[in-house]
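For reference, the structure discussed in these notes is given below.
The values are calculated or read from the model by the stated rules, or taken from the named source; none is laboratory data. Keep in mind that this is a model prediction, so the values were computed, not measured. For neighbour counting, all protein chains shown are included, and Cβ atoms are generated from backbone atoms with ideal geometry for every residue, glycine included. SASA here: full protein model, heavy atoms, side chains in, ligands and nucleic acids out. Shrake-Rupley method; radii C 1.70, N 1.55, O 1.52, S 1.80 Å.
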Amino acid sequence: MRLNGEISSGEDEEEKQPGTTTFSGQEVVVGYALTSKKKKSFLQPSFTGLARNKGINFVAVDLKKPLPEQGPFDIILHKLSGEEWHETIEDYRQTHPEVTVLDPPGAIQHLHNRQSMLQDVVDLNLSDCHGKVSIPRQLVITKEKDPSSIPYEVTKAGMKLPLVAKPLVVDGTAKSHELFLAYDEFSLSDLEPPLVLQEFVNHGGLLFKIYIVGETIKVVRRFSLPNISKRELSKVAGVFRFPRVSCAAASADDADLDPNIAEHPPRPLLEKLARELRHRLGLHLFNIDMIREYGTKDVFYVIDINYFPGYGKMPDYEHVFTDFLLSLTQSKFKKKLTT
């Protein structure tokens, strides 16, 4: 099977060792289809060891063999690109309803486009949750557009500078996470469509990375782009490329920050936001990049949503994920007992 990106084959299968069984008396078998990079960051020894002690065994899906001939699996975790894999896992999901596939490929596809990924946030009603959540004003520049027409499109739409430019398609490559900051609309002609242009919102140089694992929510602070003053905007021109914002090295959790900037979003707001997006997106595993508008206490913007993010950077992810996997199998076992 040919897929985009480096993959883990059946040769990478975790060595099976006797583990503690779950309360149902059965070992939980989790098949995984991940890139080599994802496997290394996610299936760390601290995680696989804890999971094994809880009766969970990770088994690599062999992409050289038909998926229905493998297993049996209780759960399949996957994050691979390519239409062939998309069709393979969707067919398997339809013919093996007893297996929990994390997550449905059609739902994941929704997050591969930055225009559609944020639409579900726009439609949310989060009243009475101690805060307001929306998305920055944005403009989509399609592939068919001539780059020289971007300044006109920006002016016609009434977009306010500065603007953040991101690739429209999220395909797991480093390029799809590139970020540009444009101080004047004319410099946008240097960028290559398709793009999403978002109005930059001053947020005190801090971003909240909200990890979702089933019903569990974990919030991590990351340094982000600094505020831009009107004076700076009037003196600077051009488009500047930034490395991926909010990487692990940019953790702000231990920094001495202004409490007005660093305070986490209200818990009721996060719980309702996560619950609504889980339902609308049809996903169990994702994270939300959120910022607080500088100078406010309760005005937030969602600027990105990512499927199956780097959970290895999330504090205590080993326990969170182990409990989540067990909860999936336990709920299925309870259903069997009642039917």
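For region 310-318, state whether one or more residues are charged (D, E, K, R), modelled with pLDDT of 95 or more and in a strand (DSSP E or B). No, region 310-318 has no match at all. A residue that is more than 21 Å from His112 (Cα to Cα) and surrounded by 18 or more Cβ atoms within 10 Å (Cβ to Cβ) cannot be found anywhere in region 173-180.
Tell me, yes or no, whether region 232-242 has at least one residue that is closer than 30 Å to Asp323 by Cβ, at pLDDT below 90 and not in a helix (DSSP H, G or I). No: zero hits.
Restricting region 150-161 to residues that are in contact (Cβ under 8 Å) with a residue 12 or more places away in the chain and not in a loop (DSSP other than H, G, I, E, B), which is surrounded by the most Cβ atoms within 10 Å (Cβ to Cβ)?
Ile150
Summed over region 263-295, residues that are closer than 26 Å to Leu225 by Cβ, part of a loop (DSSP other than H, G, I, E, B) and in contact with a helix residue (DSSP H, G or I) (Cβ under 9 Å, 6 or more places away or on another chain) total 4. Taken over region 23-70, the residue count meeting the criterion of being assigned to a helix (DSSP H, G or I) and touching a residue at least 40 places away in the same chain (Cβ under 8 Å) is 7. Please verify whether Gly238 is touching a residue at least 60 places away in the same chain (Cβ under 8 Å) and on the phi > 0 side of the Ramachandran plot, treating the condition exactly as stated. Criteria not met by Gly238. Restricting Val164, Val121, Val133 to those that are under 17 Å from Glu199 (Cβ atoms), open to solvent by less than 60 Å² (accessible area, probe 1.4 Å) and out of contact with any helix residue (DSSP H, G or I) (no Cβ under 8 Å at 6 or more places or on another chain) reduces the list to Val164.
Out of region 145-159, which residues are out of contact with any helix residue (DSSP H, G or I) (no Cβ under 6 Å at 6 or more places or on another chain) and closer than 18 Å to Leu179 by Cβ?
Correct list: Met159 only.
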